[in-house]
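J.: Got a structure here, written out as structure tokens. Questions coming.
Where a number appears in this text, it was derived from the coordinates with a stated rule and is not lab data. Given the structure is predicted, the values throughout are model-derived calculations rather than measurements. Cβ placement follows ideal geometry from the backbone for every residue including glycine, while neighbour counts extend to all protein chains displayed.
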Amino acid sequence: MTLLEQFQLWLGSIWPEWAAYITPAIIGVVVVLGFVLTTVIIFIYLERRLLGRFQIRTGPNRLGPEGIFQPIATALKVLLKEDIVPAKADKAVHWLAPVIVFAPILLIFAVVPFGKGAIFTDLNVGIVYVVAISSLSAVGIYMAGWASSNKYALIAALRAVAQMVSYELPVILSILGVVLMVGSLSMNQIVESQSIPFILLQPLGFVIFFLGTVAEMNRCPFDLLEADSEIVAGYHTEYSGMKFALFYLGEYGHAVAYSAIIATLFLGGWQGPLLPPIIWFLIKIVAVFCFIVWMRATLPRLRVDQLMAFAWKCLLPLAVINLFIIAAEVLWLPESMPWIMVVLNFAFAGVLILLWSKLFTLGGGRVEV
Amino acid sequence: MAIRTEPFILNMGPQHPSTHGVFRMRVTLDGEVVLDVEPVVGYLHRGIEKLAEGRTYTQNIPFTDRLDYLASMTNNLAYVLAVEKLAGIEVPERAEHLRIIMAEMMRIASHLMAVGFFLNDLGAMMTPVLYMWREREKLLDLFEMVCGQRLTYNYMRVGGVSHDIPEEFLPALRRFVAEMPGLIDEYDQFLAQNEIVLARSKGVGVLPEDLAINIAASGPVLRASGVQWDIRRGDPYSIYDRFDFDIPVGSAGDCYDRYWVRVQEMRQSVRILEQAIPQLPQGEVCAKVPQLLRPPVGEVYGRIEAPKGELGFYLVSDNSIAPYRFRIRPPTLINLTALRDMVIGWKVADLIITFGSIDVCLGEIDR
Amino acid sequence: MTIALNGEEVAKKITEVVPGSVAAADKMAVVVGSKSLYQVAEFLKSTSGLDFDYLNDLTAVDYLDYFEVVYHLTSLKHNHSLVLKTRCYEREKPIVSSVVSLWRAADFQEREVYDLMGITFEGHPNLKRLLLWEGFAGHPLRRDYL
């Protein structure tokens, strides 16, 4: 039983039923929203400082001690800017797109467990819900690109659809490995069954899931949607002011959300010794996020055909093989000896990744015209 | 049923993150595939060739700074060499050495920018650029010591250079020369062994050898295509014949080779610096040249190996104080001729990196 | 070291193949008539021993009486160079034949000369203004343009 449900029960004994139903929901929404927005703002600051360190500069350091108020100033600046809508834009869609990109990200947090029982709602199909909701933002991105009436944005929109659809498959297949092992789709169950974090039990699944999600949140080296050196700012080229801010928040919200999902699925969620669960959870999110920032600061970008090739020729077969291996192990290996599985799976992951890196070529190239 | 598609035209630039200035490419795209490219230049045209006809030979030196503003020293050098050839002026030994030192430092600085921004075009979010900038910054500090400027130096004079170097210059340069080879190795190791860099740049934007010669490509673009042609060796100017250096030559003529040639050239430049510093003689830094130079009637085509290619000055004198005709041969404009052939059939992303690998500077293209 | 070929000697070779084309020749340069320019250029490019495969620079000078189009040629094979010139006495509509089909390097440079000097290059595939915009009045690099 989650904390909110307990609160609702207690409230039900003193308040009328409808109030007891609505009040905890509102409190829960406010708390989760507050958490998400603060984390996003902190992460924006964190990323800029980290990038500064990676790029032998200091990063924002003027506003407040160590520049901690910089994201607030940035937010103010962006919000106060004029909202420009291109004359030939599809106005309604142009207006709707940032909302559709941003809303699903908040919805993801409904099923993210922050601690024991500290979850907005413990859906029994939690992880399926995450997958379903997160792919919605692809629609928003496509709408933004289409409605802007800008060719760069259109290219980005088409890239977005191709990329999201391709990377959804390996991501879901690697999630299935986790689900097989847990035997439940509930996020809470997934966390509680990780006495050994799944990153150790399914290293290959983790790698696939991680790369897939990095592609889904458009981070380097898969940031083709906003490849600034090619298509300016991609789908949000024609956005400014509040709408741009929503995209910006959405980008980081995506990063926070996926960091949280990765932490939940593979890093043992809020579990951990000594420290309170929420602190452990935050530590894991920040660790994942920092790794993503590190990748962004280090790696160049793939080309669009190479990106597709990577999804279909590398990640997807590996994900299928991974699923088979996990299924076989769940079926035949005794549950009492998980450490055998750790050794076995690391061996499998090493061999498979080595094999694929030898066999697999990104290929592609020139087209005769 | 086949879906009907049609190509569309995309105007890349003049405001675009990767056009290295105000440059426009009129690109015809079929989805992501490039069908046609037409470079449109002239947004930075200042009419330097016309302006120079109304100014004296010395007054024209600052104009040359503003051509390829990432390699001002070499522009100065090319111009003063042409004027000296026209007027028959001898340059003191110390000045010759100082010029070589400056030119090679400038080559390193320019190639650092080229390599950094090539990686940026590949999508490596500013990180390589900032590392390259760190090294370039050291060079700019050295230039500042010499002439007080960091971008437009106006250092060379007809007959020599404007100032002698200050005392602290040589120790600082020696420090730079000592640490630079290690840094180049380090960066090269990071970049040239990166899977994504290799996958993106190998075999992309190939410029075949015969085409490279036919379009009169020069500099790293020509050498990456396998032509061993360096004016410092082929037609030595100043005192380059006294130095020992190699000419790195690529084989495939693709973007990776152009990157590789630049990295190797930086190493060779460091080698030339290593030889030039101990040889630096004492003495005058500028010959006695009249304030208002009146070269005899005639014409001259002076060319040097600038970082971006063959930079030539074609000067016609009518024995007045100003050149009758002042023509600049811009290396990157002519290298750009090949852009269309290199990118047809490739993707938009390849167009960007191929353009980046030519290493253009719009100040020079538009003049 | 690039050897600058003696213009007079090259002029003799040219006259053998394209008689009457050389208008003047001195040590520095060969001046050919604008009518036979293309033939001469072709000869210079394809004759073994000359092999001028590299067009360094193409420009024009306005001498008020006539326009002079200057070609700086180099042979990377033999490492020698030559200055080829042609003159255009027409002021209103000077015409020179284009050498783009021989050296693609001439592409942008001929467009530039057309733009700034107003010399039309016959046979150029895409003769448009290069640096200035379409509709710009006059040709700035002419000496009488103020």
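J.: Can you tell me the relative contact order of chain A? Whole percent, Cα pairs under 8 Å, sequence separation 6 or more. Mind showing how you got there, number by number?
T.: Details: 522 pairs, mean separation 76.3, N = 369.
Relative contact order for chain A comes out at 21 percent.
J.: Continuing with this model, one more query. Tell me which residues come under 5 Å, amide H to amide H, from C:ALA4 once H is placed; ignore anything under 5 positions away on its chain.
T.: For C:ALA4, the qualifying residues are C:SER81.
J.: Further, regarding this structure: In whole Å, how far is the Cα centre of the stretch A:320-348 from that of the stretch A:103-165?
T.: Here the two parts' Cα centres lie 31 Å apart.
J.: Moving on to the next point. Roughly what % of Cα-Cα distances in the stretch A:91-231 sit above 20 Å, to the whole percent?
T.: Values: 5219 of 9870 pairs.
I get 53 percent for the Cα pairs in the stretch A:91-231 exceeding 20 Å.
J.: Shifting gears a bit: Applying 1/(1 + (r/R0)^6) with R0 = 60 Å to the Cβ-Cβ distance of B:ASP185 and C:ASP65, what FRET efficiency is obtained, to the nearest 0.05? List each step's numbers first, then the result.
T.: Working: r = 60 Å, r/R0 = 0.99.
That gives a FRET efficiency of 0.50.
J.: Calculate the FRET efficiency for B:ARG175 and B:THR152 from the Cβ-Cβ distance with a Förster distance of 25 Å, rounded to the nearest 0.05. Before the final figure, lay out the partial values.
T.: On the way: r = 25 Å, r/R0 = 1.01.
Once rounded, the FRET efficiency stands at 0.50.
J.: Quote to one decimal, in nm, the extra length available between A:ASN61 and A:GLU5 on full extension: 0.36 nm per residue of separation minus the C-alpha distance between them. Present the calculation step by step, with values, prior to reporting the outcome.
T.: Working: separation 56, 0.36 × 56 = 20.16 nm, distance 4.34 nm.
Using 0.36 nm per residue and subtracting the Cα-Cα distance, I get 15.8 nm.
J.: Provide the convex hull volume over Cα atoms per residue for the protein assembly as shown, in Å³. Each step should come with its number before you reach the end.
T.: Values: hull volume 183.3 nm³, N = 882.
It comes to 208 Å³ per residue, whole-number rounded.
J.: In which sequence would B:ILE239, B:ILE108, C:ILE3 go, from the one with the fewest C-beta neighbours within 10 Å to the one with the most? Don't jump to the answer; show the numbers that get you there.
T.: Details: B:ILE239 15, B:ILE108 26, C:ILE3 12.
Fewest to most other Cβ atoms nearby, the residues stand as C:ILE3, B:ILE239, B:ILE108.
J.: Report, in deg cm²/dmol and to the nearest 500, the calculated mean residue ellipticity at 222 nm for chain A, where each DSSP H run with n ≥ 4 adds -39500 (n - 2.57) and the sum is divided by the residue count. Mind dumping the intermediate values first?
T.: Details: 16 runs with 253 residues, N = 369.
Helices in chain A give a 222 nm mean residue ellipticity of -22500 deg cm²/dmol.
J.: Under a point-charge model restricted to the Cβ atoms of Lys and Arg (+1) and Asp and Glu (-1), what is the dipole moment magnitude of the stretch A:3-359 relative to its Cα centre, in debye to the nearest 20?
T.: Values: 20 positive and 20 negative charges, 202 e Å.
Taking the Cα centre of the stretch A:3-359 as origin, the dipole is about 980 debye.
J.: Just from the alpha-carbon atoms, what are the Rg and Dmax of the stretch C:3-92 in angstroms?
T.: Rg then Dmax for the stretch C:3-92, in Å: 12.4, 40.
J.: Helix C:106-117 against the longest principal axis of chain C: what's the angle in degrees, Cα atoms only, rounded to the nearest 10?
T.: For C:106-117 against chain C, the angle is about 50 degrees.
J.: Same structure again: Pick out which of A:ILE292, A:ILE175, A:ILE279 has the largest mean-square fluctuation in a Gaussian network model of chain A, springs linking Cα atoms closer than 10 Å.
T.: Among A:ILE292, A:ILE175, A:ILE279, the largest GNM mean-square fluctuation belongs to A:ILE279.
J.: Given the C-alpha atoms of the stretch A:73-158, compute the convex hull and give its volume per residue in Å³. Present the calculation step by step, with values, prior to reporting the outcome.
T.: On the way: hull volume 10.8 nm³, N = 86.
Value for the stretch A:73-158: 125 Å³ per residue.
J.: If a/c stays under 1.5 just call it rounded; otherwise compare a/b with b/c (prolate if a/b is bigger, oblate if not). Do that for the stretch A:170-283, with a ≥ b ≥ c from the square roots of the Cα gyration tensor eigenvalues.
T.: Numbers: a/c = 2.87, a/b = 1.87, b/c = 1.54.
Note, shape of the stretch A:170-283 comes out prolate.
J.: According to the Kirkwood expression over distinct Cα-Cα pairs, how big is the hydrodynamic radius of the stretch B:184-244, in Å?
T.: 14.0
J.: What size of dipole, in debye to the nearest 20, comes out for the protein assembly as shown about its Cα centre when the only charges are +1 on Lys and Arg C-beta atoms and -1 on Asp and Glu C-beta atoms?
T.: Details: 75 positive and 89 negative charges, 161 e Å.
Charge dipole, the protein assembly as shown, about its Cα centre: 780 debye, nearest 20.
J.: A further question on this structure: By counting other Cβ atoms within 10 Å of each Cβ, how are B:GLU90, B:GLU284 ranked from fewest to most?
T.: So the ranking, lowest neighbour count to highest, is B:GLU90, B:GLU284.
J.: With every atom except the alpha carbons ignored, what do you get for Rg and Dmax of the stretch A:3-359, in angstroms?
T.: 21.2, 67
J.: Still on this structure, please answer the following. Counting only DSSP beta bridges with both residues in the stretch C:3-92, tell me the antiparallel percent, nearest 5.
T.: Numbers: 20 of 27 bridges.
The antiparallel proportion sits near 75 percent.
J.: A further question on this structure: Starting from the eigenvalues of the Cα gyration tensor, five times each then square-rooted, give me the equivalent ellipsoid semi-axes of the stretch A:225-346, largest first, whole Å.
T.: 35, 23, 12
J.: Scan chain A and note any complete DSSP helix (H) whose C-alpha atoms cover at least 30 Å along its axis and whose Kyte-Doolittle average is 1.6 or more. Kindly include the intermediate steps, with their values, before the conclusion.
T.: Numbers: long enough: A:17-54 (55 Å, 1.48); A:151-182 (46 Å, 1.65); A:241-266 (37 Å, 1.03); A:277-298 (32 Å, 1.95); A:338-359 (31 Å, 1.80).
Helices passing the filter in chain A: A:151-182, A:277-298, A:338-359.
J.: Compute the length gained on full extension between A:PHE69 and A:ALA92: take 0.36 nm times their separation in residues and subtract their Cα-Cα distance, giving the result in nm to one decimal.
T.: Values: separation 23, 0.36 × 23 = 8.28 nm, distance 3.43 nm.
Full extension from A:PHE69 to A:ALA92 adds 4.9 nm.
J.: Going down the list A:LYS77/A:LYS151; B:LYS85/C:LYS85; B:LYS85/C:LYS35, which pairs span over 23 Å between their C-alpha atoms? Numbers along the way, then the final one.
T.: Details: A:LYS77/A:LYS151 27 Å; B:LYS85/C:LYS85 20 Å; B:LYS85/C:LYS35 33 Å.
Where the Cα-Cα span goes over 23 Å, the pairs concerned are A:LYS77/A:LYS151; B:LYS85/C:LYS35.
J.: Assuming a ≥ b ≥ c are the square roots of the Cα gyration tensor eigenvalues, decide whether the stretch A:68-115 counts as rounded (a/c under 1.5), prolate (otherwise, with a/b larger than b/c) or oblate.
T.: oblate
J.: Related question: Using +1 at the C-beta of Lys and Arg and -1 at the C-beta of Asp and Glu, which of C:HIS139, B:VAL129, A:LEU265 has the Cα lying farthest in the positive direction of the dipole of the protein assembly as shown?
T.: Projecting each Cα onto the dipole axis, the largest value belongs to C:HIS139.
J.: Using only atoms on other chains, find how many Cβ atoms lie within 10 Å of each Cβ of peptide C:104-113 and report the average. Could the numbers behind the result be given before it?
T.: Values: counts 10, 10, 4, 7, 10, 7, 0, 1, 7, 1.
Per residue, the average neighbour count from other chains is 6.
J.: Using label points projected 7 Å from each Cα along Cα→Cβ, tell me how many nm separate C:ILE95 and C:LEU146, to one decimal.
T.: My value for the distance between the label points is 3.2 nm.
J.: Over the Cα atoms of the stretch B:8-366, Rg to Rh with Kirkwood Rh, two decimal places?
T.: Numbers: Rg = 20.1 Å, Rh = 20.8 Å.
In the stretch B:8-366, Rg relative to Rh is 0.97.
J.: Please average, across the residues of C:57-63, the number of beta carbons from any other chain that are within 10 Å of each residue's own beta carbon, and give a whole number. List each step's numbers first, then the result.
T.: Values: counts 12, 5, 9, 2, 6, 2, 4.
That average works out to 6.
J.: Oh, and also: I'd like to know which of A:LEU79, A:VAL101, A:LEU37 lies farthest towards the positive end of the charge dipole of the stretch A:1-102, counting +1 on Cβ of Lys and Arg and -1 on Cβ of Asp and Glu.
T.: A:LEU79
J.: Give the angle, between 0 and 90 degrees and rounded to the nearest 10, that separates the Cα long axis of helix C:7-17 from the longest principal axis of the Cα atoms of chain C.
T.: 90
J.: Name the shape class, rounded, prolate or oblate, that the alpha-carbon gyration tensor gives for the stretch A:1-159, where a ≥ b ≥ c are the square roots of its eigenvalues, rounded holds for a/c under 1.5, and otherwise prolate holds if a/b is larger than b/c and oblate otherwise.
T.: Oblate.
J.: Another question about this same structure. Can you give me the C-alpha center-to-center distance between the stretch B:13-60 and the stretch B:82-146, rounded to a whole angstrom?
T.: If we compute the Cα centre of each part, the gap is 22 Å.
J.: List the residues whose amide H sits under 5 Å from the amide H of C:VAL31, counting only those 5 or more places along or on another chain, with H placed 1.01 Å from N in the peptide plane.
T.: Those qualifying (amide H under 5 Å, at least 5 residues apart or on another chain) are C:ALA23, C:ALA24, C:ALA25, C:ASP26, C:LYS85.
J.: Another question about this same structure. On a C-alpha basis, how far is the centre of the stretch C:90-146 from the centre of the stretch B:326-353 in Å? Whole number, if you could?
T.: 20
J.: With +1 assigned to the C-beta of every Lys and Arg and -1 to the C-beta of every Asp and Glu, and no other charges, what is the dipole magnitude of the stretch C:3-92 about the Cα centre in debye, to the nearest 20? Could the numbers behind the result be given before it?
T.: On the way: 9 positive and 13 negative charges, 42 e Å.
Taking the Cα centre of the stretch C:3-92 as origin, the dipole is about 200 debye.
J.: Helix B:348-358 sits at what angle to the longest principal axis of chain B, using alpha carbons and giving 0 to 90 degrees rounded to 10?
T.: 20
J.: Can I ask one more? Can you give the FRET efficiency for C:MET1 and A:SER195, using 1/(1 + (r/R0)^6), R0 = 60 Å, r = Cβ-Cβ distance, to the nearest 0.05? Spell out each step's value before the answer.
T.: Details: r = 79 Å, r/R0 = 1.32.
About 0.15, to the nearest 0.05.
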